[in-house]
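S.K.: The following block contains the structure, expressed as structure tokens.
Throughout, read-outs are computed from the coordinates displayed, never taken from laboratory work. Quick caveat, the model's predicted, so the values are computed rather than measured. In this analysis, Cβ positions are derived from the backbone assuming ideal geometry, glycine residues included, and neighbour counts consider all displayed protein chains.
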Amino acid sequence: MECFLMHQKSHNMRKLALLFTGLLWHCSLLAQELPFWNEIKAFKEQDSLQMPPKDGILFVGSSSIRMWDNLQEAFPHQTVLNRGFGGSNLLDLKHYLSDIVFPYRPKQIIIYSGENDIASGTVQAQEVLARFEDVFQAIRQEMPQVPITFVSIKPSPSRWEFKPTIEEANRLIRAYLRKQPKTSYADVYPLMLNQNKRPKPEIFSQDSLHMNRKGYQIWQKTIAPHLSK
């Protein structure tokens, strides 16, 4: 009887060990499969070494934010933090709010997102608005008083086919923000068009999607008046 109990106990322990190993493998696989997790993990590792000062101005969004490599130089009188992750959309931004927004307790949040949603070819303007509202309300629930500025979705030459959707999404988001306290809308869109109402090629890099220094100069001049003092 005693041998049987010991055998049964050993069998149960092996089952538990296998279950635990499987759970660890599943969690590891899940983490690997989460979009942009490596980028988010890199931010968290940076924070563990030196946490950015609170009460800064946080820039979040997709690659147009991520690739703004002279952000602090562009706004020398402000403490700014760049937490853009390239290729992301509004759903991704909402998913990682607790990782790259809430911990910093910023005094203001600048958002550029929505372009990749539209470029997927499956998301219309009304859905972009709905996704933005979800992000906005999630931030408001956690930080009711923080000012939020949305940078209008830019007119990229390589995505000019989406012009009607981009313009409609911009219009909807602007109208939504007009009804919300402590918000503003930095409209870079018209300033990035030439006299023929097409994107200025000279402000974009060779991929006709991302901006060069001239493009970011337009952004800097447009966003600066919206920043908290």
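S.K.: Mean separation of Cα pairs under 8 Å and 6+ residues apart, divided by the residue count of the stretch 32-141: what relative contact order is that in percent?
M.R.: 31 percent
S.K.: Compute the angle between helix 125-142 and the longest alpha-carbon principal axis of the chain, please, reported from 0 to 90 degrees and rounded to the nearest 10.
M.R.: Compared with the principal axis, the helix lies near 70 degrees.
S.K.: Averaging sequence separations of C-alpha pairs under 8 Å and six or more residues apart, then dividing by the length of the stretch 155-211, give the relative contact order as a whole percent.
M.R.: Normalised by residue count, the contact order of the stretch 155-211 is 47 percent.
S.K.: Which of L71, T222, P164 sits closest to the plus end of the dipole of the chain, meaning its Cα is farthest towards the positive end, when Lys and Arg get +1 and Asp and Glu get -1 on the C-beta?
M.R.: In the chain, that residue is T222.
S.K.: Throw me the Rg/Rh for the chain, computed over C-alpha atoms with Kirkwood Rh, two decimals.
M.R.: 1.14
S.K.: Okay, next question. So how strong a dipole does the stretch 129-229 carry about its Cα centre when Lys and Arg Cβ are +1 and Asp and Glu Cβ are -1, to the nearest 20 debye?
M.R.: 340 debye
S.K.: Between A42 and Q137, what is the label-to-label distance in nm when each label sits 7 Å out along the Cα-to-Cβ direction?
M.R.: Once both label points are built, they end up 3.3 nm from each other.
S.K.: Considering the chain as a Gaussian network with a 10 Å cut-off on Cα pairs, which listed residue, Q137, Q195, Q126, attains the greatest mean-square fluctuation?
M.R.: Maximum among the listed residues: Q195.
S.K.: Once every DSSP H run of n ≥ 4 in the chain is given -39500 (n - 2.57) and the sum is divided by its residues, what mean residue ellipticity at 222 nm do you get, rounded to the nearest 500 deg cm²/dmol?
M.R.: My calculation for the chain gives -15000 deg cm²/dmol from helical runs alone.
S.K.: What percent does the relative contact order of the chain come to when contacts are Cα pairs within less than 8 Å and at least six residues apart?
M.R.: Across the chain, relative contact order equals 17 percent.
S.K.: Using only Cα atoms, tell me the angle between helix 163-178 and the longest principal axis of the chain; keep it within 0 to 90° and round to the nearest 10.
M.R.: 80 degrees
S.K.: How tilted is helix 37-49 with respect to the longest principal axis of the chain? Cα atoms for both, answer in degrees (0 to 90, nearest 10).
M.R.: Orientation of helix 37-49: about 90 degrees from the principal axis.
S.K.: A follow-up question, please. What dipole magnitude, in Debye to the nearest 20, does the chain give about its Cα centre under +1 on Lys/Arg Cβ and -1 on Asp/Glu Cβ?
M.R.: 540 debye
S.K.: Give me, ordered by chain and number, the residues 5 or more places off L193 or on other chains with an amide H under 5 Å from its own placed amide H.
M.R.: Hits under the 5 Å cutoff: K200.
S.K.: Separate question: Excluding same-chain residues fewer than 8 positions from K197, which aspartates and glutamates have a Cα within less than 18 Å of its Cα?
M.R.: Counting by Cα, and skipping residues close in sequence, K197 has these aspartates and glutamates nearby: E161, E167, E168, D187.
S.K.: How much FRET efficiency would the formula 1/(1 + (r/R0)^6) give for A224 and E161, where r is the Cβ-Cβ distance and R0 is 35 Å, rounded to 0.05?
M.R.: In this case the efficiency is close to 0.65.
S.K.: Ok, one more. Restricting to bridges with both residues inside the stretch 49-226, how much of the DSSP beta-bridge set is antiparallel, in percent to the nearest 5?
M.R.: Bridges in the stretch 49-226 are about 10 percent antiparallel.
S.K.: Select from the stretch 54-99 those trypsin sites (Lys or Arg not before Pro) which occupy a DSSP coil region and have at most 15 other Cβ atoms within 10 Å, ordered by residue number.
M.R.: In loop regions of the stretch 54-99 (DSSP not H, G, I, E or B), the sparsely surrounded trypsin sites (Lys or Arg not before Pro) are K54.
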